[in-house]
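Colleague: Have a look at this one before I ask anything.
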Amino acid sequence: MIDALTSLKTRLAEICDLRNAGMVLSWDRQVNMPPGGSAARAEQSATLQKITHEMFVANETGRLLDAAVNAVAKRDPDSDDARMVRVAQRDYEKARKLPAELIAETARVTGQAIGIWTLARKNNDWPAFEPWLEKIVDLNRRRADALGYTERIYDALLDQFEPDMTSAQVESVFNVVKPALVELTKGAAAHADKLSNAVLFREYDEGGQLEFAREVIQQFGFDFEQGRQDKSVHPFSTGFSIHDVRITTRVNRNSLSSALFGMLHECGHALYRLGIAPALERTVLASVVSLGLHESQSRLWENLVGRSFAFWKHYFPVLQKRFPEALADQTAETLYCAVNRVSPSFIRVEADEVTYGLHIMFRFELENEMLERKIKIREVPEAWAAKMSTFLGVTPPTVREGALQDIHWVLGSFGYFPTYLLGNLIASQLWEKIETDIPDLAGQIERGEFSGLLGWLRENLHQHGRKFTAQELLQRITGRGLDAAPYLAYLRRKYRDLYGF
Ligand code: ZN
């Protein structure tokens, strides 16, 4: 006789397999698929998502869950099994609220929208994408209605990416962070001649850039036996197993930082997945707990490590050996200054640490306004330009550098952007604790040793997957909830020192 818990685990493992198979289709669409495959792939994804959803929300899953709840009732509430049942139950309740039709239609529409957006972005053609965004916003409104919310429509959507967080909480954090970012951006602008980043825009062949970045991430701990790196229009990371992660990069021969920092960033995401305890494979816990925490890991490796002076003391000579002509007149100091230059720019993924948060804040406002019908979809490019000008003081010359730049809306993800800034905050909060636990952290980075740092992250964060909530993890690790202070202290210290104000 098979016990209740085993029966539930078997069913959830199969659902997990279907989800991961769907992720393979999505990865392939962005990395390998010829444009002609777009319509068929959209149908394939829609069908697979519909089947996965139906299997998960079926009464049979509910019956197995009820039996499993009884089976784990007497166990340690923090055991893997007890936590697994609780997380599965919460997922089940949420998923039951979403009609299968809505899920399939979202998959179909967003699947087709990707091809449309890619072309529209290339041709600077907003009108081509506009009707698709209209459909996607509408699908998100329907999703929010199905999921339910008490205060604002945005709450229902945000909860998908950052469980238990509300728009009001996001707003209050952003209100603390915004004046500090504005002040630092102004301070840097007033001393703009202190730092030059011209060296980053010399010529660096694509192959050399990729090889260097691969060498760095391998030393961080990215295992190419359990991961791949490819090129795509928009860099991203995904994974189909704890032992199979994928990252992508875009390379520009006239920009040294685009591929390098993009790769360090995606590597940070991948290391999180690779660090989940193998015992959690094929369970609902074998994933990251929230996108804010996920992003904390990418930003930690990209910025707190990759944009530190210690990092450049170690890697500048390595990079110079690879590009002896382009870097002949440079030093570790000049490279460190170049990669940290603060300058308001159009593209979020290439923004410096200080202005990055401002990109997020205006997207958050814009998404709210779209969902609440405060602006019409055809007004989005102008609204984007106006907000960008208010927050960053720059106006995108074309819609490609404006409202068409990000893939999130194309993929149907509204409520996602705030998690990026939350990730920066969490990264600094964790870093403060890591520096206490590893007093020689900077020394290790300067020697190109990352096993201490990665080991700390695996032990304290990665291994748990979704076993604890984001708030529980922050509490367990740092002794308190989300706190913007370490992030602001880090930025002020670093940039006042760099710019001398
Ligand atoms: Zn990221």
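The values are calculated or read from the model by the stated rules, or taken from the named source; none is laboratory data. Here the structure is a predicted model, which means the values were calculated and not measured. All Cβ positions, glycine included, derive from the backbone under ideal geometry; neighbour counts span all protein chains shown. Protein only, heavy atoms only, side chains kept; ligands, DNA and RNA dropped before computing areas. Shrake-Rupley method; radii C 1.70, N 1.55, O 1.52, S 1.80 Å.
Colleague: Do any residues in region 46-60 that are free of Cβ contacts under 8 Å to residues at least 24 places away in the same chain have Cβ atoms under 6 Å from those of residues that are part of a helix (DSSP H, G or I), where the two are at least six apart or on different chains, and which pairs are they?
Modeller: Partner pairs satisfying both residue conditions: none exist.
For every residue, the table says whether it meets (1) in contact with a Leu (Cβ under 7 Å, 6 or more places away or on another chain); (2) over 25 Å from Val170 (Cβ atoms).
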| position | (1), (2) |
| --- | --- |
| Gly239 | no, yes |
| Arg246 | no, yes |
| Leu260 | no, yes |
| Met263 | no, yes |
| Leu274 | no, yes |
| Val284 | yes, yes |
| Leu291 | no, no |
| His294 | no, no |
| Gln297 | yes, no |
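Colleague: Inspect region 160-183 for any residue being within 28 Å of Asp483 (Cα to Cα), among the basic types (Lys, Arg) and open to solvent by 70 Å² or more (accessible area, probe 1.4 Å) and give the result as yes or no.
Modeller: Yes.
Colleague: Any idea which of Gln471, Gln475 is in contact (Cβ under 8 Å) with a residue 40 or more places away in the chain and either outside the structural domain of Ala427 (by TED's automatic domain parsing) or within 16 Å of Asp78 (Cα to Cα) (or both)?
Modeller: Exactly one of Gln471, Gln475 is in contact (Cβ under 8 Å) with a residue 40 or more places away in the chain and either outside the structural domain of Ala427 (by TED's automatic domain parsing) or within 16 Å of Asp78 (Cα to Cα) (or both), namely Gln471.
Colleague: Consider Gly479 carefully, then state whether it is under 21 Å from the mean Cα position of the chain (by Cα) and not hydrophobic (A, V, I, L, M, F, W, C).
Modeller: For Gly479, the condition - under 21 Å from the mean Cα position of the chain (by Cα) and not hydrophobic (A, V, I, L, M, F, W, C) - is not met.
Colleague: Being part of a loop (DSSP other than H, G, I, E, B) and within 15 Å of the ligand (Cβ to nearest atom) is the filter here, so list the residues in region 223-241 that pass it.
Modeller: Ser232, His234, Pro235, Phe236
Colleague: Please indicate, with yes or no, whether at least one residue in region 35-48 is of a type in the set (A, V, I, L, M), surrounded by 15 or more Cβ atoms within 10 Å (Cβ to Cβ) and modelled with pLDDT of 95 or more.
Modeller: Looking through region 35-48, none of the residues is of a type in the set (A, V, I, L, M), surrounded by 15 or more Cβ atoms within 10 Å (Cβ to Cβ) and modelled with pLDDT of 95 or more.
Colleague: Which members of region 10-40 meet the condition of being over 24 Å from the mean Cα position of the chain (by Cα) and more than 30 Å from Val87 (Cα to Cα)?
Modeller: The answer is Pro34, Pro35, Gly36, Gly37, Ser38, Ala39, Ala40.
Colleague: Out of (1) in contact (Cβ under 8 Å) with a residue 12 or more places away in the chain; (2) over 30 Å from Thr166 (Cβ atoms), the odd one out for Leu139 is which?
Modeller: With respect to (1) in contact (Cβ under 8 Å) with a residue 12 or more places away in the chain; (2) over 30 Å from Thr166 (Cβ atoms), Leu139 is out only on (2).
Colleague: Can you run down the residue pairs with Cβ atoms below 7 Å, 6 or more apart or on separate chains, where the first is in region 372-386 and at pLDDT 95 or above and the partner is hydroxyl-bearing (Ser, Thr, Tyr) and open to solvent by 60 Å² or more (accessible area, probe 1.4 Å)?
Modeller: Ala385/Thr395
Colleague: Which one of Arg348, Arg299, Arg322, Arg307 is basic (Lys, Arg), buried (at least 23 other Cβ atoms within 10 Å of the Cβ) and touching a helix residue (DSSP H, G or I) at 6+ places or on another chain (Cβ under 8 Å)?
Modeller: Arg299
Colleague: Which residues, taken from region 49-71, are closer than 13 Å to Ala95 by Cβ and either small (Gly, Ala, Ser) or open to solvent by less than 60 Å² (accessible area, probe 1.4 Å) (or both)?
Modeller: Result: Thr52, His53, Met55, Phe56, Val57, Ala58, Thr61, Gly62, Leu65.
Colleague: Read through the list (1) surrounded by fewer than 24 Cβ atoms within 10 Å (Cβ to Cβ); (2) touching a residue at least 60 places away in the same chain (Cβ under 8 Å); (3) within 16 Å of the ligand (Cβ to nearest atom), then give the number of the only condition that Thr355 fails.
Modeller: Only one criterion is unmet by Thr355, namely (3).
Colleague: Would you call Ala328 within 25 Å of Ala82 (Cα to Cα) and open to solvent by 20 Å² or more (accessible area, probe 1.4 Å)?
Modeller: no
Colleague: If you don't mind, another one. Yes or no: region 200-210 includes at least one residue that is in a helix (DSSP H, G or I) and open to solvent by 60 Å² or more (accessible area, probe 1.4 Å).
Modeller: Yes, the conditions are met somewhere in region 200-210.
Colleague: Among the listed residues Ala128, Ala146, Ala189, identify the single one that is open to solvent by 20 Å² or more (accessible area, probe 1.4 Å) and in contact with a Leu (Cβ under 6 Å, 6 or more places away or on another chain).
Modeller: Only one candidate passes the filter, namely Ala146.
Colleague: Follow-up question, since we're still on this one. Residues that are open to solvent by less than 50 Å² (accessible area, probe 1.4 Å), under 30 Å from Phe316 (Cα atoms) and touching a helix residue (DSSP H, G or I) at 6+ places or on another chain (Cβ under 6 Å): does region 458-467 have at least one?
Modeller: Yes, there is a match, as at least one residue in region 458-467 is open to solvent by less than 50 Å² (accessible area, probe 1.4 Å), under 30 Å from Phe316 (Cα atoms) and touching a helix residue (DSSP H, G or I) at 6+ places or on another chain (Cβ under 6 Å).
Colleague: With respect to the numbered conditions (1) more than 22 Å from Glu171 (Cβ to Cβ); (2) among the polar types (S, T, N, Q); (3) open to solvent by 10 Å² or more (accessible area, probe 1.4 Å), which one is the sole condition not fulfilled by Gln405?
Modeller: (3)
Colleague: Let me ask you something else. Could you pull out the residue among Gly423, Gly415 that is closer than 25 Å to Leu285 by Cβ, open to solvent by less than 20 Å² (accessible area, probe 1.4 Å), in contact (Cβ under 8 Å) with a residue 40 or more places away in the chain and in contact with a Lys or Arg (Cβ under 9 Å, 6 or more places away or on another chain)?
Modeller: Gly423
Colleague: Working carefully through the options Leu457, Leu404, Leu488, find the one that is away from the ligand (no atom under 16 Å from the Cβ) and in a helix (DSSP H, G or I).
Modeller: Leu488
Colleague: Another question about this same structure. Could you check region 273-315 and list, in sequence order, the residues that are under 20 Å from Asn340 (Cβ atoms), within 16 Å of the ligand (Cβ to nearest atom) and part of a loop (DSSP other than H, G, I, E, B)?
Modeller: Gly306, Arg307 - these are the residues of region 273-315 that are under 20 Å from Asn340 (Cβ atoms), within 16 Å of the ligand (Cβ to nearest atom) and part of a loop (DSSP other than H, G, I, E, B).
Colleague: State all residues of region 242-272 that are of a type in the set (Gly, Ala, Ser), more than 12 Å from the ligand (Cβ to nearest atom) and not in a strand (DSSP E or B); if no residue qualifies, say none.
Modeller: Matches in region 242-272: Ser257, Ser258, Ala259.
Colleague: So, one more: Of all residues in region 427-446, how many are under 21 Å from His265 (Cβ atoms) and open to solvent by less than 30 Å² (accessible area, probe 1.4 Å)?
Modeller: 8
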